[in-house]
Amino acid sequence: MRKFRLIVLVLCVFSSCTKPQKLNLVDPQPGRTLESYQAAAKSAMIASPNPQASQIGLEVLKKGGNAVDAAIAVSFALSVLRPQSTGLGGGGFLLFYDKEKNKTVAIDFREVAPLAAHRDMYLRDDKADTKLSQDGALAVAVPRLVAGLGYLYDNYAGGKISWVDLIQPAINLAEQGFKIYPRLAEAIQQRKEVLTAFPSSKKIFFGKEGPLREGEAFVQKDLAKTLTEIAKQGWQVFYHGGISWSIVNTVRRHGGILDLKDFYHVKIHKMKPVTGTYRDYKIVSMPPPSSGGAVLIEILNILEEFPLRRRGPYNARTAHVITEAMRRGFMDRAVYLGDARFVKVPVRGITSKEYAKSLAASISLKKATPSNSLAPQHGTLNESDSTTHFSIVDQAGNAAASTQTINTLFGSGLAAEGTGIVLNNEMDDFSVQAGVPNSFGLIGSEANAIAPGKVPLSSMSPTFVFDSDGRLFLVLGSPGGPKIITAVLNTILNMIDFKATPLQAVAAKRMHHQWLPDQLMVEPGLYPEEVVEKLTQMGHAVEETPNASLVMLVARTKEGWVGVADPRGAGVPMGY
C-alpha cells in the first residue's frame, strides 16, 4: 500500500492532478460582495467597468445585435460615463472573433501623431519638458475612436440595429445626466489644476462651488449635441465637419499643432492578431503598435518551461520565475517594440518558442537577475493606467474585447470648445528623449520615437484564449498602463495553471515587474512574510503597492458563460 501511494505521488508531481490552489483575493469595494462582481448566463455576456454601460450593451444583445453592435454602443456610453479615462477625443484597440468564420481580426484605432509632429518637439534647451507632452494642447494626438467605431459598424456590425440606435443611449446619458460616482469625483479633484487652466474644461467639470463632487448631477449638453450630430450624419462628420474644426481651433489657440489635414487623412487599420500557445491553449492578442500581445506571449512561452502548478502560486520559486519572465519580456518591449508601419518589429522572433527557451535557460533558480545587467537603457516611455476595457460574447458565439483610452486622467485636460470632448495626451506615450524619467519608469527606444502619423506604443492587451478543441475559452483585457500585460498574464495563469474559478482568477492579488525600475510590485498581502523574505534574499526588491488594473473577463463554462468585473472597481457583468 505504501509503495502504491508513492507511485501515485510521483505521478501527480509530473502530471496535472494537483488540486486547485487557494488564492489570496482582494476585498470588494465598500457596500458590495465579491459575488456581485460575477454573473452567469447561457446565451450572451458582457463585462464592463460601469453598470449602466453593461446594461446598454446587454439591451443591444437582447435586440439581436452582435458583439460589435454591443461594443459600439458600450464605447459611446463609456465616453459619457468615464470622461476621465476614455472618450471621443481618444482611441483604442479591438479584437473581434467571428465564430462562423472561425477568424479573429485586430482593429487599430489608437491615436496618431499629428503631421506636424517631430522627434524633438518637447525639447527645450536640449532637455525634455514632459509637462508639454502630458498637459495641454501640444500633448494632443489625432483622435481615432469615432473612426474606429464607424469602421466596425461598416464592416462587422450585425445589421439589425441602426447607427442612430446604437448611439442614442449615450445621447440620453449626456442629456439627462447621472450622479458623479466616487472615482470620477476623485479624478476631477486629482486633475483640478489642469482642468481649471482651460475655460472649456472648467465649464464641464466645475460648478459654482468648485469641482463637481460625489453625488452631484453631471449633465453634458455639449457632448450630447456632438453625439447627436455623429448619430444623424454618420461617423465621418467627426473628421470632415464642424467638430474637427472646433478641435483644431481649440488646440491651435492653446499652442498645439493639430491641423484639419490630420483629420482628413485618418485611416483605420485591420491587422492580423499576434498568436501563440500556452500549455494546451491558444492565445490571440493585439499586435504592434500595441506591445501587449507580443510581450504577453513571450512571457507565457518562458513560463511554459517551468512547472508552476507543481509548487503552487505562493511558493518563492514560482514567484521568482514569473518575475524573471516578466523582467525579460518588458526588456524586449523597451528595446524592440513600436509602430510596425514605421520600424521593423521582430514579433516572430520575440514570440518564438526557441527564443523563450533560451531566455528561460538564462534564469537562475537561486537569485534574481539585476535588470541593468540584461540590456542598456534606451529612453523612456510613459503610459497611464487611466484607461477602460470591456469584454463581450454574443448569442452566436462571436466575441469582442476592446481597450480604449485618452491616456492619463482627463488626457491633456483640454476640452474642445463647444463639443464636450476631452482631448487625449497620447503624445506622452512616445519616447520623448533618452534617459528622461517618468512616473512609471518605463523604458523605450528609437523604435518608439515621435514621427508624423505614427502610433505611440501601447500595453493594451485585448486577448482571446481558445481551448485545445479550438473553442473560445476566455475573453479578457484590462486598463492599467504597463500593468495591463501582467494583469492579463496573472489572470491567465490563475485559470490555466492554478485552476481558479473565473471570479477567483480576476480577484486574486497580483504581481508586476516591468524590467525598470527594478522592483517586484505586489499587492499588499499577496505573499506570506516568509515568501517575501526569501524573494528579498534572492535579490528581488519587493514593494507592496495597490494594483489599479480592472480586468473584465468572460469565460466559457459547461452551462454557458460567466462574466466577471474586477472587484477593484465598480463594474458589473450582465448576461442572458
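Values in this text are rule-based calculations from the coordinates and carry no lab data. Please read all numbers here as calculations on a predicted model, not as lab measurements. With ideal geometry, Cβ positions are generated from the backbone for all residues, glycine too; neighbour counts draw on all protein chains shown.
Sequence-distant contacts, meaning Cα pairs under 8 Å at least 6 residues apart, place the relative contact order of the chain at 26 percent. Using C-alpha pairs under 8 Å with a sequence gap of at least 6, the mean separation divided by the residue count of region 249-366 gives a relative contact order of 25 percent.
Neighbouring Cβ atoms within 10 Å as the yardstick, rank 119, 510 fewest first.
119, 510
Here, P(r) means the percent of Cα pairs in each 10 Å bin from 0 to the largest distance; for region 310-412 it is 11, 27, 33, 25, 4, 0. Bridgeable lysines around residue 179 (alpha carbons under 19 Å apart, same-chain partners fewer than 8 residues away excluded): 192, 202, 203, 208, 221.
With all distinct Cα pairs included, what does the Kirkwood hydrodynamic radius of the chain come out to in Å, to one decimal, could you say?
Details: mean 1/r = 0.0421 Å⁻¹.
Kirkwood radius, the chain: 23.8 Å.
Ignoring aspartates and glutamates fewer than eight residues from residue 232 along the same chain, the ones with Cα atoms less than 20 angstrom from its Cα are 69, 154, 165, 175, 222. Dipole of the chain computed with +1 at Lys/Arg Cβ and -1 at Asp/Glu Cβ about the Cα centre; of 345, 425, 140, farthest Cα towards the positive end is 345. Residue-normalised convex hull volume from the C-alpha trace of region 85-228: 166 Å³ per residue.
With each label modelled as a point 7 angstrom along the Cα→C-beta vector, the residue 27-residue 155 pair spans 4.7 nm. Here's the picture: a label point sits 7 Å out from the Cα of residue 361 along the beta-carbon direction, and within region 273-302 the residues with their amide nitrogen under 16 Å of it are 302.
Above 24 angstrom, tally the Cα pairs of region 138-297 and express them as a % of all pairs, no decimals. If you can, show how the numbers build up before the last one.
Numbers: 6924 of 12720 pairs.
Every Cα pair in region 138-297 considered, those over 24 Å come to 54 percent.
With contributions of -39500 (n - 2.57) from each DSSP H run of at least four residues, the per-residue ellipticity at 222 nm computed over the chain stands at -10000 deg cm²/dmol. Computed extension gain for residue 310 through residue 115, at 0.36 nm per residue and net of the alpha carbon distance, reaches 64.9 nm. Against the empirical 2.2 N^0.38 Å (N residues), region 182-269 has a Cα radius of gyration ratio of 1.30. Each 5 Å bin from zero holds the following percent of Cα-Cα pairs in region 489-541: 4, 19, 22, 22, 20, 11, 2. Considering only alpha-carbon pairs that sit under 8 angstrom and 6 or more positions apart, the relative contact order computed for region 442-576 is 22 percent.
Could you tell me which of rounded, prolate or oblate describes region 536-576, using a ≥ b ≥ c as the square roots of the eigenvalues of the alpha-carbon gyration tensor, with rounded for a/c under 1.5 and, failing that, prolate when a/b is larger than b/c and oblate otherwise? Could the numbers behind the result be given before it?
Values: a/c = 6.69, a/b = 2.28, b/c = 2.94.
It comes out oblate by the Cα gyration axes.
Note on region 215-338: semi-axes of the ellipsoid equivalent to its C-alpha gyration tensor, largest first and rounded to whole Å, are 45, 19, 16. For region 28-143, the spread of Cα coordinates along the three principal axes comes to 61, 43, 20 Å, biggest extent given first.
Listed by chain and number, the lysines placed with their C-alpha closer than 17 angstrom to that of residue 509 are 22, 483, 499; residues fewer than eight positions away on the same chain are left out.
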